[in-house]
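The values are calculated or read from the model by the stated rules, or taken from the named source; none is laboratory data. The model shown is predicted, which means the values in this text are computed figures rather than measured ones. Using ideal geometry, Cβ is built from the backbone for each residue, glycine included, and neighbour counts are taken over all protein chains shown. Keep in mind that these areas ignore ligands, DNA and RNA; they rest on the heavy atoms of the full protein, side chains included. Shrake-Rupley method; radii C 1.70, N 1.55, O 1.52, S 1.80 Å.
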Amino acid sequence: MEDSPSMDDHQDSSLVVGVGLCDSAPLLWRLQDLKTARRLGLVGALLGSLPRTPRQNQRLGRPLLLLPEEEQLLRDEEAAGALPGPNQDVGGAELRRQFEEDQQRSFEEQSVLALEDRKSALRRAMTSSHTGSESGAEAVDEALRGRLEALDHSFSFPQSAMAVQLSTARAGLSYCPEAWAHLQASWPIREQNNPRSDARYQVFRDLRGRGFYLTSAGKFGGDFLVYPGDPLRFHAHFIAVCLTLDESICLLDVLAVARLGSNVKKTVLLCSPAPDGGVCYTSLQWSGMV
């Protein structure tokens, strides 16, 4: 298994991860936050569409959705900070004013260009009307000339027709440098008072401390997929199922998850937090029916 960074190796305040909440979902929007989370060994799941190819779901982009355990680990290690909310203006008033001025300037320039384009179209129509009969051409020419003269007073360019530039080369949300001053590493993102959630978090923290990478294992019938290294380079070796020590489990459920683990070539781990703070692991290997 390759050496992976732990949370203790990254206590630099410059590596605080800015977390934004959408309802109760912790999201990472900024590229620097995604890189920092990856260096800390947190994988998450990308949710957003790519600007150049929005109508596909094979490759996704920002934001990155964190697991509740990843969020809690960042909070406990004081490595997470709250991004400014919609009602918290951190240097945004000046940026908003500049954006509105740029939009108005662009609208005025496009209005002038649209007017010139309409005049050019009328002039071309006047030129092409000379190819018909003489009497008909004069009548059409007179009507077009009247429309051309009145165009300066009657032309209006709607705001909805304005072309807007999409920055696809560097798409995504950006924040001014002052936003870093708003980050508080001790910010409580949310509390979880649930024995099941506590067991999952203790298992997640223990495995992450051993250098493993973890992602959600919902489609494999477990709690976590456990990778020996970065998921971009390795396949998962284990399916972790989190249980409390006093929790009972049906034998058929044990057989089902063991059979599933065998089919996908993974070892099932039954993980139970111990009273002394450690975690007890029991591996299941399918050897066939007797």
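The lone criterion from (1) open to solvent by less than 70 Å² (accessible area, probe 1.4 Å); (2) under 31 Å from the mean Cα position of the chain (by Cα); (3) over 25 Å from residue 39 (Cα atoms) left unmet by residue 265 is number (1).
Count of the stretch 209-244 residues, restricted to those that are over 26 Å from the mean Cα position of the chain (by Cα) and surrounded by fewer than 17 Cβ atoms within 10 Å (Cβ to Cβ), is 3.
Specify which of the listed residues (134, 116, 94) is among the acidic types (Asp, Glu), loosely packed, with under 12 Cβ neighbours inside 10 Å and at pLDDT below 75. Step through it out loud before you land on a result.
Numbers: 116 fails: at pLDDT below 75; 94 fails: at pLDDT below 75.
After ruling out the rest, the residue left standing is 134.
Hey, among 49, 24, which residue is modelled with pLDDT under 90, surrounded by fewer than 18 Cβ atoms within 10 Å (Cβ to Cβ) and in contact with a strand residue (DSSP E or B) (Cβ under 7 Å, 6 or more places away or on another chain)?
Numbers: 24 fails: in contact with a strand residue (DSSP E or B) (Cβ under 7 Å, 6 or more places away or on another chain).
Being modelled with pLDDT under 90, surrounded by fewer than 18 Cβ atoms within 10 Å (Cβ to Cβ) and in contact with a strand residue (DSSP E or B) (Cβ under 7 Å, 6 or more places away or on another chain) holds for just one of 49, 24, which is 49.
Taken over the stretch 198-208, the criterion of being open to solvent by 30 Å² or more (accessible area, probe 1.4 Å) and within 25 Å of residue 263 (Cβ to Cβ) is satisfied by 200 alone. Taking the criterion of being closer than 12 Å to residue 272 by Cβ and under 25 Å from the mean Cα position of the chain (by Cα), the only residue of the stretch 195-208 that qualifies is 200.
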